[in-house]
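Peer 1: Please see the structure below; I have some questions.
The values are calculated or read from the model by the stated rules, or taken from the named source; none is laboratory data. For clarity, every value in this text was computed on a predicted model and none was experimentally measured. FYI the Cβ positions are ideal-geometry reconstructions off the backbone, even for glycines, and counts take in every protein chain you see.
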Amino acid sequence: MSLLTSTRVARVDDFSALFDTALREFLGRGPDVAPELAVEVRELIMAGGKRIRPRFAWEGWRAAGGGGDQDAVVRALVALELLQCCALVHDDVMDRSPVRRGRPSVHELFTLRHRRSRWAGSARQYGDSAAVLVGDLALAWADDALVTAGLSAAALQRAWVPWQAMRTEMMAGQHLDLLGVARGDESLEQALRVAALKTASYTVERPLHLGAAIAGAGPDVVACLREFGRDVGVAFQLRDDLIGVFGDPAVTGKPTGEDLREGKRTALMAIALSRATNGSAALLRRTLTGPVHDELVDEVCALLVELGAVAAVEEHIDVLVANGLAALDRAALDAGAKRELIRLAGKATARKA
């Protein structure tokens with residue numbers, strides 16, 4: 001019998017414990033056909049993470065008045081953490097990121113396993129290929145988690161609309177990110193478009209939409225939650241851009257200047273390039289083409305501050321959060337959920353990792 005069946009949510013704080021139980025129950029189900037892949041899904045998910053997507057979805061459900069079997073809702077939101085796992089694994093392959101959540105990334109783990117075992121063929125190709133399959137498995141499990149959660153047929157049908165959109169938008173955003181690198185796009189407009197699709201959609205906007213849809217929310221509630229989610233989601237990505245350059249490795253689990261070493265074309269970099277002179281622009285562009293050494297990271301970090309790019313991103317974060325919070329006043333929402341959404345917006349956009 002599920003550990004959820006005898007538990008009712010008495011306080012907002014209870015959600016984390018219930019969600020963790022539902023997540024562990026799902027990951028512990030049944031025999032594995034591909035245990036080498038399944039173990040990596042489980043270990044990456046349980047290695048950490050902020051669980052921000054299911055939390056926003058839960059508050060979207062509460063904001064719309066709840067309704068239905070709340071235990072089934074908690075189980076359904078496990079799908080969001082599995083979708084995130086898929087995104088992380090594939091993103092690490094594409095970015096050549098060696099570390100994730102303080103441990104070797106999945107493609108690195110499989111590459112090392114190949115080398116140590118002295119198997120035939122390319123260790124790097126094997127590692128990348130296995131990681132793609134791990135991500136695919138997480139995506140398949142995400143669908144499984146949603147459709148087997150026990151939602152009513154009507155709630156599942158409503159949920160399927162934002163769920164389909166979220167998966168597609170996430171992949172479209174990832175492709176735009178790759179395309180921007182291939183084309184050498186340095187525009188702020190492109191960086192913000194990628195942030196809206198690649199991050200905001202599947203981190204805040206669509207999870208809120210998903211929760212509200214499960215609750216049977218009307219169009220006014222959905223519209224205000226999605227507007228809030230778009231603004232806060234982009235602000236979340238802008239904060240991530242700052243952390244990716246200036247974050248403390250002891251907190252982030254990644255090296256200082258990781259985004260610079262990976263040549264990421266972020267809004268932070270776009271703003272800096274738009275303000276740079278020829279000499280400073282050339283220095284910034286060296287991080288986009290690589291290789292990037294520690295001394296260059298230090299120089300570019302100082303330049304980003306000097307050009308006012310960091311301050312500009314901080315200001316944009318503040319404006320986005322203010323606009324998002326204003327959107328919450330445009331529809332009738334559960335008061336407790338609204339307070340929690342305000343708190344979550346602050347936490348998501350002022351974090352250090």
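Peer 1: Mind counting the residues in the stretch 274-301 that are among the polar types (S, T, N, Q) and within 12 Å of Gly263 (Cα to Cα)?
Peer 2: Final tally of qualifying residues: 2.
Peer 1: Next up: Take Asp71 and decide whether it is more than 17 Å from Pro207 (Cβ to Cβ), at pLDDT below 95 and either assigned to a helix (DSSP H, G or I) or out of contact with any Lys or Arg (no Cβ under 7 Å at 6 or more places or on another chain) (or both).
Peer 2: no
Peer 1: Which of the helices (runs of 4 or more DSSP H) contained wholly in the stretch 267-337 include at least 2 residues that are acidic (Asp, Glu)? Explain how you work it out, then say what you get.
Peer 2: On the way: elements: 267-275, 278-289, 294-306, 309-327.
By residue number, 294-306, 309-327.
Peer 1: If you don't mind, there's one more thing I want to ask. Identify the residue in the stretch 1-48 that is more than 25 Å from the chain's Cα centre (by Cα) and buried (at least 17 other Cβ atoms within 10 Å of the Cβ) and, among all such residues, is modelled with the highest pLDDT.
Peer 2: Here the residue is Leu4.
Peer 1: Now, a different point. Looking at the stretch 109-127 only, could you name the residues that are outside any helix (DSSP H, G or I) and polar (S, T, N, Q)?
Peer 2: Ser122
Peer 1: Right, Leu109: at pLDDT 95 or above, closer than 20 Å to Gly263 by Cα and of a type outside the set (Lys, Arg) or not?
Peer 2: Details: at pLDDT 95 or above: yes; closer than 20 Å to Gly263 by Cα: no; of a type outside the set (Lys, Arg): yes.
Here the answer is no, as Leu109 does not meet what is asked.
Peer 1: Let me ask another. On the given criteria, is Ala337 crowded, with 19+ Cβ neighbours inside 10 Å, modelled with pLDDT of 95 or more, touching a helix residue (DSSP H, G or I) at 6+ places or on another chain (Cβ under 6 Å) and on the phi < 0 side of the Ramachandran plot?
Peer 2: On the way: crowded, with 19+ Cβ neighbours inside 10 Å: yes; modelled with pLDDT of 95 or more: yes; touching a helix residue (DSSP H, G or I) at 6+ places or on another chain (Cβ under 6 Å): yes; on the phi < 0 side of the Ramachandran plot: yes.
The answer is yes for Ala337.
Peer 1: Next up: Looking at (1) of a type outside the set (D, E, K, R); (2) touching a Phe, Trp or Tyr at 6+ places or on another chain (Cβ under 7 Å); (3) under 26 Å from Gly290 (Cβ atoms), which is the only condition Ser129 fails?
Peer 2: Here Ser129 clears every test but (2).
Peer 1: Could you tell me which residue of the stretch 128-155 is surrounded by the most Cβ atoms within 10 Å (Cβ to Cβ), considering only residues that are in a helix (DSSP H, G or I) and over 23 Å from the mean Cα position of the chain (by Cα)?
Peer 2: Taking the stretch 128-155 first, the residues in a helix (DSSP H, G or I) are 128-147, 153-155.
Keeping just the survivors that are over 23 Å from the mean Cα position of the chain (by Cα) gives 153-155.
Details: Ala153: 7, Ala154: 11, Ala155: 22.
Here the residue is Ala155.
Peer 1: Check whether at least one residue in the stretch 225-247 is touching a helix residue (DSSP H, G or I) at 6+ places or on another chain (Cβ under 9 Å) and without any contact (Cβ under 8 Å) to a residue 24 or more places away in the chain, and report yes or no. Walk me through how you get there before you give the answer.
Peer 2: Of all residues in the stretch 225-247, those touching a helix residue (DSSP H, G or I) at 6+ places or on another chain (Cβ under 9 Å) come to 225-247.
If we keep only those that are without any contact (Cβ under 8 Å) to a residue 24 or more places away in the chain as well, we get 226, 244.
Checking the stretch 225-247: at least one residue is touching a helix residue (DSSP H, G or I) at 6+ places or on another chain (Cβ under 9 Å) and without any contact (Cβ under 8 Å) to a residue 24 or more places away in the chain.
Peer 1: With Val245, Val222, Val234 as the choices, which residue is over 18 Å from the mean Cα position of the chain (by Cα) and among the β-branched types (Val, Ile, Thr)?
Peer 2: Values: Val245 fails: over 18 Å from the mean Cα position of the chain (by Cα); Val234 fails: over 18 Å from the mean Cα position of the chain (by Cα).
Only one candidate qualifies: Val222.
Peer 1: Continuing with this model, one more query. Within the stretch 91-122, track down each residue that is under 18 Å from the mean Cα position of the chain (by Cα), hydrophobic (A, V, I, L, M, F, W, C) and farther than 17 Å from Leu44 by Cα.
Peer 2: Within the stretch 91-122, just Met94 meets the criteria.
Peer 1: Is one or more of the residues making up the stretch 271-287 touching a residue at least 40 places away in the same chain (Cβ under 8 Å), farther than 30 Å from Arg62 by Cα and either crowded, with 16+ Cβ neighbours inside 10 Å or of a type in the set (Phe, Trp, Tyr) (or both)?
Peer 2: So in the stretch 271-287, the residues touching a residue at least 40 places away in the same chain (Cβ under 8 Å) come out as 271, 273-274.
So of that shortlist, the ones also farther than 30 Å from Arg62 by Cα come out as 271, 273-274.
The next check asks that each one be either crowded, with 16+ Cβ neighbours inside 10 Å or of a type in the set (Phe, Trp, Tyr) (or both); those that pass are 271, 273.
The answer is yes; a qualifying residue exists.
Peer 1: Another one. Do we have any residue at all in the stretch 57-67 that's of a type in the set (Lys, Arg), farther than 23 Å from Val232 by Cα and either surrounded by 13 or more Cβ atoms within 10 Å (Cβ to Cβ) or at pLDDT 90 or above (or both)? Talk me through it step by step, then tell me what you get.
Peer 2: Of the stretch 57-67, the ones of a type in the set (Lys, Arg) are 62.
Subset that is farther than 23 Å from Val232 by Cα: none.
No, because not a single residue in the stretch 57-67 is of a type in the set (Lys, Arg), farther than 23 Å from Val232 by Cα and either surrounded by 13 or more Cβ atoms within 10 Å (Cβ to Cβ) or at pLDDT 90 or above (or both).
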